Every structure is written in C-alpha cells, then in structure tokens.
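K.L.:
Structure incoming, see below.
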Amino acid sequence: MAEKSDAWGSRVGLILAMAGNAVGLGNFLRFPVQAVQNGGGAFIIPYLICFLIMGIPLLFIEWSSGRFGGKFGNHSTPYILDSMVKGRVLKYIGVFGIFTNMAVAAYYCYIESWTMSYVYHSLVGTFEGMSQANVATFFSDYVDIEHSTTGIPYESVFFYIICLVINTYILSKGLKGIEKVAKIGMPLLILFGAILAIKGLTLGTSGASDIFPDANAWDGLNFLWTPQYSSLLDLKVWMAAAGQIFFTLSVGMGTVHCYAAYLDEKDDVALNAVSAGFMNEFVEVVLGSLIVIPIAAGYLGLDWVIQNAGFGMAFQTMPYLFQQWGSVIAVIAGVLWFGLLFFAGITSSLAMGTPWIGFMRDEFGWNQNKGAWSFGLIALILGLPTVIYFQEGVFDEYDYWAGTVSLVVFAMLETILFSWVFGLEKGWPAITSGADIKVPIIYKFIIKYITPMMLIIIFVGSLFKPKDNDWSGNLNNLFSGHSWVLDNGSIIKKVMHAGIREEIAATTDLALITKLEDKIFYLNSARLLLVSLFLFICSLVYLAYLKRKREGRATL
C-alpha cells in the first residue's frame with residue numbers, strides 16, 4: 001500500500017475545499033438563468049429530485065472511488081479506475097478525468113478573470129453614470145481584445161494571465177494551499193452572498209420607476225419559488241434540471257476522485273459527500289436565487305428578466321443595478337458581487353489542476369511545483385484561443401465539448417463501471433466503510449439502477465435533442481408516425497455545424513458567408529486542440545502503463 005505524498009490538514013478544510021470545488025460560477029450565473037428559462041418554480045421540483053437520485057449517488061460513487069484508489073497510491077482517475085476495474089482499455093476512460101479539467105480550466109479561468117477585472121472597475125467607479133445599455137456595451141468591448149477599458153493594451157489577455165498565474169502559484173503549494181484558500185474564500189463567499197441576498201429580499205417595490213412602474217423584487221422570488229407540479233411531466237425541464245446537477249456539483253470531472261484519493265482508508269466519505277453536496281445546494285438554491293433574479297426584477301420588472309435572462313446578466317446588468325443604490329454603495333456592492341464570483345471561481349479552478357498534478361507525480365515522479373506550472377502552461381496554450389477568438393465562438397465550443405458532453409460521458413461510464421463491473425458487492429462497502437452516518441439502503445438500488453438509467457437518458461437525449469427542445473411534442477410526432485427532428489444543439493447536429501450551415505444557406509450576403517465560414521474554421525481548430533489534448537493524455541497513460549509494467553506494477 002503506497003504512502004500518500006500529500007494530505008488534507010483537517011476535515012473542515014477538506015469539506016470546504018470539496019464544497020468550493022462544487023460551488024462555482026454556475027451556482028450564481030447558470031442556476032438562476034436555468035430556473036427562469038424553465039418556468040421558475042416549475043424547475044425547482046425536478047431539480048431537487050435530480051439532486052437526490054443523481055447528484056448524491058454520483059458524489060457517493062466519486063468519493064468512494066477516490067478513497068479506494070488512493071489506498072493504492074493513485075491520485076487521478078486513469079489509475080483510480082484501474083485499481084477498481086482491471087483491464088487495459090478501461091483505464092483510458094479515466095483520461096476524461098484529466099482531460100475535462102485541463103480543457104475546462106483553460107476557459108473557466110477566463111470567466112474568473114472577468115470577475116477580477118470587474119472588481120477593479122467597481123473600485124475605480126468605471127460604471128458610475130452608465131445606462132444598462134452602456135454597461136452591456138462595456139462587456140462587449142472588454143471581450144474584444146482590440147478594445148481597452150483601462151488603457152492596458154490587450155486588457156482581457158492581461159487579466160487572464162494574471163488569474164492563471166494566481167491559480168498556478170496556489171496549486172504549487174499543494175493541498176495546504178488549496179485548503180487555505182477554501183477556508184478563507186468559502187466563508188467570504190457566503191458572507192458576501194448573504195449581504196446581497198438580504199438586499200434582494202428587502203428591495204420590494206422601491207426600485208420601480210417611470211419606465212418599469214410594476215417592478216417588484218418579490219415577483220422574482222414568487223416566480224422562482226411557486227411550485228408548478230405540471231413540470232413533473234415536462235421532459236424538457238427534467239433534462240435541464242439533470243444537466244444543472246453536473247455543473248453545480250462538479251461531478252463527472254475527476255476532481256472529486258482526486259481530492260478523495262488523499263483521504264485515509266478509514267476516513268469517512270459518506271457524510272463528507274453529503275455535507276459538501278448540501279453546502280453547495282444551500283449556496284446555489286438559497287443564495288443563488290436571492291441575488292440576480294429578485295434584484296433585476298426589482299428594478300427592471302419580471303417580464304424583462306424572463307425575456308433577457310442569460311449568462312451575461314451578471315456582467316451586463318448587475319453593475320447598472322448597483323448604481324441605483326448610490327455611488328458609494330455601488331462600489332461596495334460591486335466588490336461584494338464580483339468578489340463573491342471570484343472566490344466561487346477560484347475554489348473550483350484550483351480543483352481542476354489537481355488531477356494532472358497527481359497523475360504526473362504518481363506516474364513520472366514530478367514534484368508539486370513542476371506539476372503545477374506545467375498545468376498552468378498547458379492551460380495558457382489551450383486558453384489563449386478562447387480569449388483572443390472569444391467572439392468567433394471558440395469559448396463556447398470548449399464549453400460545449402469539454403464542459404458539457406465530456407462530463408455526461410464520463411459520469412455515465414464511471415457509474416456503469418462502479419455499479420455493474422466493480423459491482424455493488426464491493427461498491428457499497430466502499431461507500432459505507434468508516435461512514436459517520438447510516439446511508440439509506442434505498443441508495444443501493446438507486447446507484448445500481450436509477451442513476452445509470454438517468455445518465456444514459458441524458459446522454460442519448462443530448463445526442464438526439466429534438467428541435468426547439470420540445471420533447472413532448474416530438475415524442476407525440478414520433479408516435480404518430482412522423483419523423484424525429486433534431487435540434488441544432490444536439491450532438492449529432494453540432495458535429496456538422498448544422499446551425500451555421502443553415503445560416504450560410506439562407507443568405508446571399510458574401511461578407512456574412514465569409515464570416516460564417518471563418519467561424520467554422522475557428523471552431524474546427526478548437527476541436528483539433530481538444531482532440532490533441534485528449535490524445536496527448538492517452539499517450540501519457542500508455543507510457544505510464546509501460547513504466548508500471550517494467551516495474552512489475554501493471555495490471556492486465
């Protein structure tokens with residue numbers, strides 16, 4: 001049994017780091033938008049059910065798998081899975097657990113750098129006197145590297161590199177550095193969020209204006225928290241709710257495995273998994289729903305929020321809303337909001353570096369410093385195209401393939417391996433051994449049947465997503481003998497750039513055609529980079545296998 005080369009300093013630090021891994025930008029930027037776009041209260045019930053029957057089981061699987069692999073000295077998913085399931089091919093499924101983190105970190109740190117920049121702009125009063133349209137234009141200018149909002153040449157590149165260097169430096173300090181950031185960042189995140197949430201709760205109708213006379217913050221809260229049981233029969237809402245679970249818990253990435261691999265064999269994983277999961281849910285469902293939507297509804301009205309809800313509201317709308325509180329409070333609110341997002345981002349991005357560092361240390365003897373800075377260099381090479389060619393869609397392409405499809409594929413495969421190949425006769429003791437809580441026996445059935453089935457449905461649903469995301473309508477058409485029409489957002493259509501090609505076919509504007517064809521080139525280049533990264537990691541896993549074979553440690 002191998003000795004662990006690093007260790008967590010305390011259980012509190014571990015739970016906060018795990019919660020920080022899960023609590024990310026999606027808790028505040030994606031969850032409110034998903035809720036609004038899927039009917040508010042209609043979204044909440046399917047979401048909470050998915051958390052219990054998919055989120056918690058995945059946490060149990062990943063925590064227990066990580067601890068199991070860790071006792072054999074494995075700290076990344078290729079050989080964590082190899083320690084559980086023997087077979088030369090199966091270890092390559094674990095490549096997703098390194099690939100996804102490196103690819104996501106490359107563009108995730110770019111969003112993180114926005115929060116750093118916006119803290120700066122809030123402090124210097126950049127947004128003072130700006131209209132909502134001007135604030136939105138500011139963001140558009142910021143992501144266009146040819147513009148500068150501070151006088152710094154290539155401002156967005158500058159802040160991105162600074163953000164990446166901060167992440168890399170902390171990673172070079174090992175688990176103790178990550179733990180220290182989590183112990184500081186998570187309490188501050190919750191404090192900042194609570195202050196802004198109180199403002200959202202107490203805003204009421206005080207933000208109403210001549211332009212938006214019916215604005216009422218409570219309309220936003222009522223919209224989110226009024227249950228609509230009809231949603232239980234809406235497949236579209238269920239797919240959206242299940243998809244949000246991946247983003248909110250950081251499952252299907254490999255980070256949970258890696259963190260858990262540093263636990264002692266007798267340490268609890270069941271209570272730790274539940275604690276981290278529910279802390280994340282508190283931040284997302286309570287704080288995440290009490291800031292953006294009610295404050296925006298309080299000034300702009302619920303109808304405006306429903307029509308304009310999107311990822312960019314955090315940057316294109318919130319600075320304008322803060323200005324309504326006066327110049328001094330606007331500065332404080334801006335620092336609280338973007339500081340909150342920064343802490344949410346960095347506690348997640350730090351986790352993304354640990355699988356690569358653990359793998360290179362285990363297999364090739366690299367030290368923490370070398371592993372961390374090599375991770376930073378690869379992330380920089382991968383990430384700069386998402387910064388420079390943001391408006392050409394490279395950022396979104398990374399997010400789709402690495403941050404969405406890859407998560408679903410890996411979660412589906414690892415769940416099947418855990419439940420059916422490793423087997424619950426070994427898997428259940430791996431979850432419950434040393435547990436500080438009694439895990440309900442019903443989860444044995446859920447993990448074996450319900451969770452794999454849901455993940456397969458999500459994957460197949462992503463492949464064959466129906467036009468306009470209208471599941472019920474397309475199922476009725478199919479049963480009536482009509483064809484199933486794929487949406488351009490389905491994996492099959494996405495591979496073929498169907499949406500862009502339809503735009504090309506629908507126009508005679510040569511300039512627009514050239515622009516769209518150029519976009520296809522950039523997107524294909526992004527895919528080439530991602531495929532190259534995946535193959536590169538596969539080659540390292542193969543070299544590690546050969547090295548283990550020479551040393552007599554390899555499995556068949």
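K.L.:
Assign unit charges at the C-beta atoms only (+1 for Lys and Arg, -1 for Asp and Glu), then state the dipole size of the stretch 8-112 relative to its Cα centre in Debye, rounded to the nearest 20.
P.N.:
340
K.L.:
Treating only the Cβ of Lys, Arg, Asp and Glu as charged (+1, +1, -1, -1), what charge dipole size does the stretch 392-526 show about its Cα centre? Round to the nearest 20 debye.
P.N.:
The calculation lands at about 680 debye.
K.L.:
Using modelled amide H (1.01 Å from N, peptide plane; none on Pro or chain starts), what sits under 5 Å from the amide H of LEU486, excluding residues fewer than 5 places away?
P.N.:
Amide H to amide H, under 5 Å and 5 or more residues apart or across chains, LEU486 pairs with LYS467.
K.L.:
Leaving out ligands and nucleic acids, and using a 1.4 Å probe, what accessible area per residue does the stretch 143-266 come to in Å²?
P.N.:
45
K.L.:
Also, I was wondering about something else. Out of GLN324, GLY204, ALA276, whose Cα points farthest toward the positive end of the dipole of the stretch 203-329 (charges: +1 Lys, Arg; -1 Asp, Glu; placed on Cβ)?
P.N.:
It is GLN324.
K.L.:
What number comes out for the charge environment of PRO294, summing +1 per Lys or Arg and -1 per Asp or Glu over other residues with Cβ under 11 Å away?
P.N.:
It works out to a net charge of 0.
K.L.:
Straight-line reach from LYS86: which lysines have Cα under 26 Å away, leaving out those fewer than 8 places along the same chain?
P.N.:
LYS4, LYS71, LYS266, LYS426, LYS444, LYS448, LYS547, LYS549
K.L.:
Let me ask something additional. Once the piece of chain linking ILE152 and ARG553 is laid out straight, how much longer is it, given 0.36 nm per residue of separation minus the C-alpha distance between them?
P.N.:
Stretched out fully, the ILE152 to ARG553 stretch lengthens by 139.1 nm.
K.L.:
Would you mind counting up the charge near THR415? Only other residues with Cβ under 13 Å from its Cβ, with Lys and Arg at +1 and Asp and Glu at -1.
P.N.:
-1
K.L.:
Taking 0.36 nm per residue of sequence separation and subtracting the Cα-Cα distance, how much length would be gained by fully extending the chain between THR514 and SER209, in nm to one decimal?
P.N.:
Once the chain is fully extended between THR514 and SER209, it gains 105.3 nm.
K.L.:
Here's something else I'd like to know. Compare TYR449, TYR320 by solvent-accessible area with a 1.4 Å probe and give them largest first, with all protein chains kept in place.
P.N.:
Ranked from most to least accessible, the order is TYR449, TYR320.
K.L.:
Sticking with the crude label model, points 7 Å out along Cα→Cβ, report the distance from THR137 to ILE437 in nm, one decimal please.
P.N.:
About 5.2 nm separates the two model spin labels.
K.L.:
What ranking, highest mean first, results for peptides 347-353, 381-387, 271-277, 534-540 when packing means the other Cβ atoms within 10 Å averaged over each residue?
P.N.:
Taking the mean over residues of other Cβ atoms within 10 Å, the ranking is 347-353, 271-277, 381-387, 534-540.
K.L.:
Let me ask you something else. Assuming R0 = 35 Å, can you tell me the calculated FRET efficiency for the pair ASP303 and ILE184, based on Cβ-Cβ distance, to the nearest 0.05?
P.N.:
That gives a FRET efficiency of 0.30.
K.L.:
If you plug each phi of the stretch 39-55 into the Karplus form 6.51 cos²θ - 1.76 cosθ + 1.60 with θ = phi - 60°, what whole-Hz ³J(HN,Hα) values come out, in order, with x for Gly and Pro?
P.N.:
Values per residue, Gly and Pro as x: x, x, x, 5, 7, 5, 5, x, 4, 5, 5, 4, 4, 6, 9, 10, x Hz.
K.L.:
Moving on to the next point. Rounded to the nearest 20 debye, what is the charge dipole size of the stretch 140-271 about its Cα centre when +1 sits on each Lys and Arg Cβ and -1 on each Asp and Glu Cβ?
P.N.:
480
K.L.:
Within 14 Å, Cβ to Cβ, of ASN280, how many net charges do the neighbouring residues add up to if Lys/Arg are +1 and Asp/Glu are -1?
P.N.:
For residues surrounding ASN280, the net value is -2.
K.L.:
Length gain on complete extension for the stretch GLN324 to LEU463, per 0.36 nm per residue less the alpha carbon to alpha carbon distance?
P.N.:
Additional length available on full extension: 45.6 nm.
K.L.:
How large, in percent, is the carbon and sulfur part of the accessible surface of the chain at a probe radius of 1.4 Å?
P.N.:
With neighbouring chains kept in place, the figure for the chain is 64 percent.
K.L.:
Using a 7 Å offset from the Cα along the Cα-to-Cβ direction at both ILE332 and GLN37, what is the distance between the two label points in nm, to one decimal?
P.N.:
Distance between the two pseudo-spin positions: 3.5 nm.
K.L.:
While we're here: Mind checking the per residue accessible area of the stretch 352-479 for me, 1.4 Å probe, whole number of Å²?
P.N.:
Accessible area per residue, the stretch 352-479: 43 Å².
K.L.:
Identify which of the listed values of log10 I(q)/I(0) by the Debye sum over Cα atoms at q = 0.09, 0.13 Å⁻¹ was calculated from the structure shown: (i) -0.85, -1.33; (ii) -0.67, -1.44; (iii) -0.81, -1.49.
P.N.:
Calculated log10 I(q)/I(0) by the Debye sum over Cα atoms at q = 0.09, 0.13 Å⁻¹: the matching label is (ii).
K.L.:
Given the -39500 (n - 2.57) contribution per DSSP H run of 4+ residues, what per-residue ellipticity at 222 nm results for the chain, rounded to the nearest 500 deg cm²/dmol?
P.N.:
Only helices count here, giving -21500 deg cm²/dmol.
The values are calculated or read from the model by the stated rules, or taken from the named source; none is laboratory data. None of the values given here were measured: they were computed from a predicted structure. Glycine also receives a Cβ, built like all others from the backbone with ideal geometry; neighbour counts cover every protein chain displayed. The accessibility values were calculated without ligands, DNA or RNA, using every heavy atom of the protein model including side chains. Shrake-Rupley method; radii C 1.70, N 1.55, O 1.52, S 1.80 Å.
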